[in-house]
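The values are calculated or read from the model by the stated rules, or taken from the named source; none is laboratory data. Predicted model, so just to flag it, every value in this text is computed and none were measured. Note that we place each Cβ from the backbone using ideal geometry, even for glycine, and neighbour counts take in every protein chain shown.
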Amino acid sequence: MGRSAVTEIAFEQRLTLSTVAADKERILSSLSDGASVVIDLAAATEVDIAFIQLIEVARRSAPQLGASLSLASPAPGPVRDVLERGGFIAGGDPELLTFWLQEESGS
C-alpha cells in the first residue's frame, strides 16, 4: 500500500527557543514515518525565529525522508510577523509564499 497516513501536529501557544528541542522531536518522529505531516499553528501566540528555522529545515528535509510537510492553514498573525521581520516572505519567493501563506504565485 502507498503512503496514506496523515499526521497532524497541533502546536501550543509558545513556539520559541525554549520549546524548539521538543518541537523538533515531534516533527522528526512524524516525518521519519514517511507520513504527510500537517502543522497546525492556529494556537500560536508567541513565536520566534528559532521555530521558523525549525519548520524551514523540516520543510526542506521532508522530501528526502519520503514525507511531506504542510500547514493546516496560512500562517497566523504571530507567525507571519516573524516571517516578515526575518525576511522569509519579503522577497516574494513563490515556494515560501505557497508554504507559509498558502498563496499561489501568479504568472
Residue within segment 61-84 that is in contact with a helix residue (DSSP H, G or I) (Cβ under 6 Å, 6 or more places away or on another chain) and assigned to a strand (DSSP E or B) present: yes
Subset of segment 11-44 (residues that are within 20 Å of ARG60 (Cα to Cα), among the small types (Gly, Ala, Ser) and not in a helix (DSSP H, G or I)): SER32, GLY34, ALA35, SER36
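Residues LEU28, LEU83, LEU15, LEU69: which one is over 25 Å from GLU104 (Cβ atoms) and at pLDDT 95 or above? First the steps, then the outcome.
Values: LEU28 fails: at pLDDT 95 or above; LEU83 fails: over 25 Å from GLU104 (Cβ atoms); LEU69 fails: over 25 Å from GLU104 (Cβ atoms).
Residue meeting the stated conditions: LEU15.
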Meets criteria (charged (D, E, K, R) and surrounded by fewer than 14 Cβ atoms within 10 Å (Cβ to Cβ)) for GLU56: no
Selected residue (only one of ALA43, ALA35, ALA50 is in contact with a strand residue (DSSP E or B) (Cβ under 9 Å, 6 or more places away or on another chain), under 16 Å from GLU8 (Cβ atoms) and modelled with pLDDT of 95 or more): ALA43
SER61, sole failed condition from (1) within 25 Å of GLU104 (Cβ to Cβ); (2) surrounded by 15 or more Cβ atoms within 10 Å (Cβ to Cβ): (2)
Looking only at segment 5-55, and only at residues there that are more than 22 Å from LEU96 (Cβ to Cβ) and free of Cβ contacts under 8 Å to residues at least 12 places away in the same chain, the one that is farthest from the chain's Cα centre (by Cα): SER18
Among residues of segment 85-107, those that are over 16 Å from ALA42 (Cβ atoms), of a type outside the set (D, E, K, R) and outside any helix (DSSP H, G or I), counted: 10
